[in-house]
Amino acid sequence: MIERVNISRRSVHFWICYLGFCLLVISLPASRFMLTISLMLLAVNWLAEPDLRERIKKYLSSKPAIAFTLIFGLNAIGLLWSKDPGYAINNDLLVRLPLLFMPAIIVTSPMPDIKQIRLLLILFISSVVTVSFIGLSVRIFQSPVDFRDASPFVPAIYYSMMLLLAAFQLPLLIKQISGNRILYFICLAISGWLIFFLFYLRSLSGLASLSGVLLFLLVLIIKSRRSLFLKISVTSVVVLLSGLALWLSASMYKLAHLEAERDFHALQEYTLQGNRYFHDTANILRENGHLVYIYIADDELEDLWNERSELEYYGHDLSNNYLRHTLYRYMSSKGLRKDKQGFVKLTDSDIRAVEKGTTNHLYLKWPGMFIRVHQMMMGVYIYKKTSYTDPAWSVLTERVDLWRASWQAFLKHPLLGWGTGSVLHAVEYGLEKNDSALTGKNMKPHNQYIYILLNMGLAGLVVTILLYSFIIKETGVYRIFIYNVFLIVCVINFLANNSLESQVGHSFFVFFTLFYCFYYPRYHC
C-alpha cells in the first residue's frame, strides 16, 4: 500500500513538473507574469518531491549540472567586493535563480518521453507564431507609432531570438514527426512567415543573428555536400544578401551625411508675409541634407497647423515628441521653408504622417528596415559632428558611447571587476570620465560580455566561458544542428544586449541550453 502511494506521488510530481515546463515555453514570448508562475511552480514542486537526498546525489553525479550551478556561484562570490550588494541580490542574483535550480530539476526529475518532449517544442513554436499574429494585429488595427509594439508582450530583442529558434526548429521537428510533404511545406511557409516578421519587427540584433546562422549554414553545406551546383547556389544567395545589406547601409549612410550648401550670411530675415524668420545656425540637425532649424516662422505655422489638425502645434505628436519639431524636420526633408508658403504644399497624408511622429517624407515610401537603418545612420552623423558627445540620436551610437565608458571602467578593475551588482556604478564612472551626455541615466553597457567583465572582471568572463564550454563538450550537444543555431543566435545577440540580465532572456537561454543538452540528444527530436 505504501509503495503504491509513493508511485502515485511521484507521478503527480512528474506531471506538475511537466505542466511547469509547458507553461514556461508558452510564457516565454507571451507573458512575463506567467513565466514567473511557471518558475515558481517548478521550484516548489521539486522541493516538495520525496527522496530529496537521493535526488541531490543524482544531481551531484552530473558534472554539466554542477557546472551550470557554479556559474551562479561565481556571481554570488562577486558579492564579496560588490559596490552595491542590495542591487546585486535584488537584480543580478534574482534573475539568475534559474541557473541555481533548473539544472537540478531537469537532471533529477523523470525524463519525459519523446512525445512529451516534442510537445514542449510544439507549444513553444505555437506560442511564438501566435504572438506574431497578435503583434501584427496590434500594428494594423491599433496603429501604434512604435514598431516595437509588434512584440506586444516581451521586448523585441528577446522575441527576435525566439522567432529565429522557432523558424529553424519547426521544419526539423515536423520532418521527424511526419513524412507528409504537404505538412512539411506548410511548416516551411510558417518558418518563412517568422523570418518575415523578424524584418517587420525591425530587429537589427535579430537580423545580425540571422546572418550568423546563414553563414553557419553556408559552411555546413560547403563541407558536407558534394553537389557543386548546390554549393554555388547557396554561396551566391549568401553573397547577394550580403551585398544588399552593404548597399542599404552605404546608401543610408550617404543620405544621412548629405549636406546641402547654405550661405549663412545670405539668409533672409523675413517671410513673404512680413514675419521674422528664426534661424538657429548652430544646430547641425539635417533631413535629406537640409538644415532643420533655419527659416522657421512659428506664427504662420501655428495658425495653419491648428486649422488642419486636432493636435496642438505646441503640444506633442503621437510618438510623444514635440509636434512642432517633428513638423520642422518633415518639412525640411522635403526642402521646404517652415513658413506659410512651405506649409500649404503639405498634403493631408503629410499632416497625418507628422501627427504620428514621422520626421522624413521618404519614410512613407520605405520599408520599415530602410527607416531603421536610416535612423541609425542619422545617429552616426550627429555623433561624429558633435565630436562624439551626443549619442542620443541612435541606439547604435548610444551603445558605442556606453562601450567606450565601459572600457574606462574595465581598465580601473580589469582582473576581478567591480563586483556583482556594481555595473551601474562602473558604467557611470566611465561616462563621467568621458564627459558623456548619458551621464546620470543609470544605463547598463548593452553587451553581455562587457556586463560580465564589469561585474567579475576578465577572470570571471574566462571562467564563465570555460564552464559553459565544459557543459557543451560534456553533453556532446555541439553535434546537434539546432543547438548550434540556438547558440549562434544567442552569442550574436549578446554583442548588443544584456540579454541574460532580464528574466525573459535569462530563462530562454538557460532552459533551452538544458533542454538541448539533456532532453533533445537522447531522442533526436
Would you confirm whether any residue within the range 449-470 is farther than 29 Å from residue 516 by Cα, assigned by TED's automatic domain parsing to the domain that holds residue 65 and surrounded by 23 or more Cβ atoms within 10 Å (Cβ to Cβ)?
yes
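May I ask you to verify whether residue 359 is crowded, with 19+ Cβ neighbours inside 10 Å and touching a residue at least 12 places away in the same chain (Cβ under 8 Å)?
Details: crowded, with 19+ Cβ neighbours inside 10 Å: yes; touching a residue at least 12 places away in the same chain (Cβ under 8 Å): yes.
Spelling it out, residue 359 is indeed crowded, with 19+ Cβ neighbours inside 10 Å and touching a residue at least 12 places away in the same chain (Cβ under 8 Å).
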Lone qualifier among 459, 405, 392 - being at pLDDT 95 or above and either in contact with a helix residue (DSSP H, G or I) (Cβ under 8 Å, 6 or more places away or on another chain) or polar (S, T, N, Q) (or both):
405
The range 92-121, residues that are closer than 15 Å to residue 515 by Cβ, of a type outside the set (A, V, I, L, M, F, W, C) and in a helix (DSSP H, G or I)
98, 103, 116, 118
Selected residue (only one of 37, 56, 7, 89 is part of a helix (DSSP H, G or I), of a type in the set (A, V, I, L, M) and modelled with pLDDT of 95 or more):
37
In the range 284-313, which residues are part of a loop (DSSP other than H, G, I, E, B) and either without any contact (Cβ under 8 Å) to a residue 60 or more places away in the chain or of a type in the set (S, T, N, Q) (or both)?
288, 289, 292, 293, 294, 295, 297, 309, 310, 311, 312, 313
Residue 281 versus (1) of a type in the set (S, T, N, Q); (2) part of a helix (DSSP H, G or I); (3) in contact with a Phe, Trp or Tyr (Cβ under 6 Å, 6 or more places away or on another chain): which is the lone unmet condition?
(2)
Does residue 43 satisfy being part of a helix (DSSP H, G or I), touching a residue at least 24 places away in the same chain (Cβ under 8 Å) and either more than 29 Å from residue 124 (Cβ to Cβ) or in the same structural domain as residue 424 (by TED's automatic domain parsing) (or both)?
no
Residues of the range 485-501 satisfying the condition of being assigned to a helix (DSSP H, G or I), over 16 Å from residue 514 (Cβ atoms) and out of contact with any Lys or Arg (no Cβ under 9 Å at 6 or more places or on another chain):
485, 488, 489, 491, 492, 493, 499
Among the residues of the range 314-328, the number that are surrounded by 17 or more Cβ atoms within 10 Å (Cβ to Cβ) and assigned to a loop (DSSP other than H, G, I, E, B) is 2
Would you pick out the residues in the range 131-171 that are hydrophobic (A, V, I, L, M, F, W, C) and within 18 Å of residue 490 (Cβ to Cβ)?
154, 156, 157, 161, 162, 163, 164, 165, 166, 167, 168
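The values are calculated or read from the model by the stated rules, or taken from the named source; none is laboratory data. The shown structure was predicted, so the numbers you read here are calculated from the model rather than taken from an experiment. As a convention, Cβ positions derive from the backbone with ideal geometry for all residues, glycine included, and neighbour counts pool all protein chains shown.
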